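Visitor: Below is a structure I'd like to ask you about.
No lab work stands behind these numbers, since they all come straight from the coordinates. No experiment lies behind these values; they were computed from the predicted model shown. Glycine also receives a Cβ, built like all others from the backbone with ideal geometry; neighbour counts cover every protein chain displayed.
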Amino acid sequence: MGEDMETKKKVLDALHRLQSDFEKSRDKKLWSPITVPFTLRDGLNRLTKNDLQEIRRSLRVKKASSLKKAELAALLEDVILCSLESICSKFDSERFGLLLEVAKRGGYMEAPSLEWEQWKYFREYGILYTGVFQGKKIVAVPGDIVEPLLALGASGKVKSVINRNTEWIKLTCGLLFYYGTISTAQIIALLEKYTKQPLDALDFFRVIWDANRYRNSITIHVDNFSHVRLDDYKRIKEEQEIRSNLPFYPFTKKQLLQAAEPDFVDRDESFLEFMSYLFRNFKMTIEEAEIIASECAYIVKLDGTVHDVFQYLGLMFHAQDLNQEMLTQVMHFMNHTRQWVLKGHTPYEVFQQEKKFLRPLPETELPIADTKHKKKVGRNDPCPCGSGKKYKKCCGK
């Protein structure tokens, strides 16, 4: 048994070393020395042939895979300069705002905090470069695209497109936060409803696909969109379709835009109560309580059971902490958490709706038949039910 544990530890240590080496190599590529200002050609020439091929694929430049590095760099320079507006027409306010801010500062500034995938995204368009200058990590745009970028930033047409893209992306992410999965037709109809504008499906797909390369927050299927944490979207879809009489919960536009923010947590009353319970009863910070409550909320969104929630909590706490009081808190939290299978409703809301269709029991006492003094009804007598028919034609059949 001891040998097995030792072997596992060695394997894990080796994996950690590989991961660490990979991240160091990746960071070295991002933060190598750079001189500013520089031209677009200078920027492209400092990249590897593989980097240039990535840019070629992102810009969909065809019949150029066999070119030598210098030839490919020259071709990409022309393409980028000629299609800068087209490239930016897929951006939202966050990405375009970063480019514009760098341009306004003369072509470079201290690098903001972004994930590796986001830096990679910009590198694959050949318009934003990273490096170390005078001991600081900086982000820079080539000098020959500074003025064109500033001109695009001042263009009313470009601003309109950027705002439209931002709204599309945020509303899509907000809808998926609350519904989990939505068909393509549904999401287009909902976006048209919330924006009060007709939507070009091709433009929409182009914008969403590009946004997902920058920040992987949704999963795009052939005819469906899903939240990135939803693995089995078909199961959730089937559950939603079973409830065909239950409409999707009518969230406001403001609610959806808020839900689209990275790391958004729906801090409704039940969430805050559950988070407060964790904070008061266990040795943890309020931030730790929020993380645990948020993870429990996702388990519930995914149609998890009380057992699933307790299994997760069992990893966080001792077994004796999972008592009846905890169960009561969890049940209340689950009943007031919005679920994907319930199309954004909480179980409590669904119960309240279904209660309207339940027929209440009579408040008066039901009459008890007096068989002792009951008068016999003749077949040709009027039926005692009050129908007006003869007894033999009505209840006496």
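Visitor: Working out 0.36 nm times the residue gap between His307 and Trp31, then minus their Cα-Cα distance, what length gain in nm do you get to one decimal?
Guide: Result: 94.7 nm gained on full extension.
Visitor: Based on alpha-carbon centroids, what's the gap between segment 21-39 and segment 171-233 in Å, whole number please?
Guide: Taking the Cα centre of each part, segment 21-39 and segment 171-233 sit 34 Å apart.
Visitor: Further, regarding this structure: Compute the FRET efficiency between Lys137 and Arg280 as 1/(1 + (r/R0)^6), taking r as their Cβ-Cβ distance and R0 = 25 Å, and round to the nearest 0.05.
Guide: With R0 = 25 Å, the Cβ-Cβ based efficiency is 0.05.
Visitor: While we're looking at this one, here's another question. Return the Rg/Rh ratio of segment 216-262 with Cα-based radii and a Kirkwood Rh.
Guide: 1.00
Visitor: What nm distance separates the two modelled labels at Asp223 and Asn163, each placed 7 Å from Cα along Cα→Cβ?
Guide: It works out to 3.6 nm between the two label points.
Visitor: I would also like to ask the following. What is the spin-label model distance, in nm, from Asn45 to His332 if the labels are put 7 Å beyond Cα along the C-beta direction?
Guide: Each label point is offset 7 Å from its Cα along the Cβ direction, giving 6.9 nm.
Visitor: Cα atoms only, segment 278-337: Rg and Dmax in Å?
Guide: So, for segment 278-337, Rg and Dmax equal 10.7, 29 Å respectively.
Visitor: So what's the convex hull volume per residue for the Cα atoms of segment 143-285, in Å³?
Guide: 186 Å³
Visitor: So what is the orientation-averaged projected area of the chain, using the convex hull of its C-alpha atoms, in nm²?
Guide: The orientation-averaged projected area of the Cα hull of the chain comes to 36.4 nm².
Visitor: Could you give the spread of the C-alpha atoms of segment 95-156 along their three principal axes, from largest to smallest, in whole angstroms?
Guide: 34, 25, 17
Visitor: Read phi for every residue in segment 186-203 and hand back ³J(HN,Hα) as whole Hz from Karplus 6.51 cos²θ - 1.76 cosθ + 1.60, θ = phi - 60°, with x for Gly and Pro.
Guide: Result, rounded to whole Hz: 5, 5, 5, 4, 5, 5, 5, 5, 6, 8, 6, 9, x, 10, 7, 4, 5, 4.
Visitor: Could you list which residues have their amide H under 5 Å from that of Ala260, counting only those 5 or more apart in sequence or on another chain, with H placed in the peptide plane?
Guide: Gly174
Visitor: Something else about it: Could you state the principal axis extents of the C-alpha atoms in segment 250-316, from the largest down, to the nearest angstrom?
Guide: Projected onto the principal axes, the Cα atoms of segment 250-316 cover 37, 26, 20 Å.
Visitor: I would also like to ask the following. Relative to the first principal axis of the alpha-carbon coordinates of the chain, what is the inclination of helix 93-104, with its axis defined by its Cα atoms, in degrees from 0 to 90 and to the nearest 10?
Guide: The helix 93-104 is inclined about 20 degrees to the chain.
Visitor: Once R0 is set to 35 Å, what does the formula 1/(1 + (r/R0)^6) return for the Cβ-Cβ distance between Trp209 and Tyr348, expressed as a FRET efficiency to the nearest 0.05?
Guide: Once the sixth-power term is evaluated, E becomes 0.40.
Visitor: Per the helix-only calculation at 222 nm, which mean residue ellipticity applies to the chain, given -39500 (n - 2.57) for every DSSP H run of n ≥ 4 and division by its residues, nearest 500 deg cm²/dmol?
Guide: -17500 deg cm²/dmol
Visitor: Using only the C-alpha atoms of segment 120-173, find the volume of their convex hull and express it per residue in Å³.
Guide: Dividing the Cα hull volume of segment 120-173 by its residue count gives 117 Å³.
Visitor: Which length gain, in nm to one decimal place, applies between Tyr249 and Phe317 when the Cα-Cα distance is subtracted from 0.36 nm times their residue separation?
Guide: Working: separation 68, 0.36 × 68 = 24.48 nm, distance 3.44 nm.
Residue separation times 0.36 nm, minus the Cα-Cα distance, leaves 21.0 nm.
Visitor: For each pair in Lys237/Lys301; Lys24/Lys137; Lys90/Lys301; Lys29/Lys68; Lys120/Lys254; Lys120/Lys253, compute the distance between the two Cα atoms and list the pairs where it is over 24 Å.
Guide: Violating the 24 Å Cα-Cα cut-off are Lys90/Lys301; Lys120/Lys254; Lys120/Lys253.
Visitor: Right, something else. If I model segment 1-152 as equal point scatterers sitting on the Cα atoms and use the Debye formula, what is log10 I(q)/I(0) at q = 0.09, 0.13, 0.14, 0.21 Å⁻¹?
Guide: Computed log10 I(q)/I(0) values: -0.35, -0.63, -0.71, -1.40.
Visitor: Hey, another quick one. How high is the relative contact order of the chain, in percent, with contacts defined as C-alpha pairs under 8 Å that are six or more residues apart?
Guide: Result for the chain is 13 percent.
Visitor: Moving to a separate point now. Give me the base-10 log of I(q)/I(0) for segment 86-190 at each q in 0.12, 0.20, 0.22, 0.23 Å⁻¹, Debye formula, one uniform scatterer per Cα, rounded to two decimals.
Guide: Per q value, in the given order, log10 I(q)/I(0) is -0.50, -1.04, -1.16, -1.23.
Visitor: May I ask you to compute the full-extension gain from Leu12 to Ser83, defined as 0.36 nm times their residue separation minus their alpha-carbon distance, rounded to one decimal in nm?
Guide: Extra length from Leu12 to Ser83 when fully extended: 20.9 nm.
Visitor: I need the fraction of alpha carbon pairs in segment 80-120 separated by more than 11 Å, rounded to a whole percent.
Guide: 72 percent
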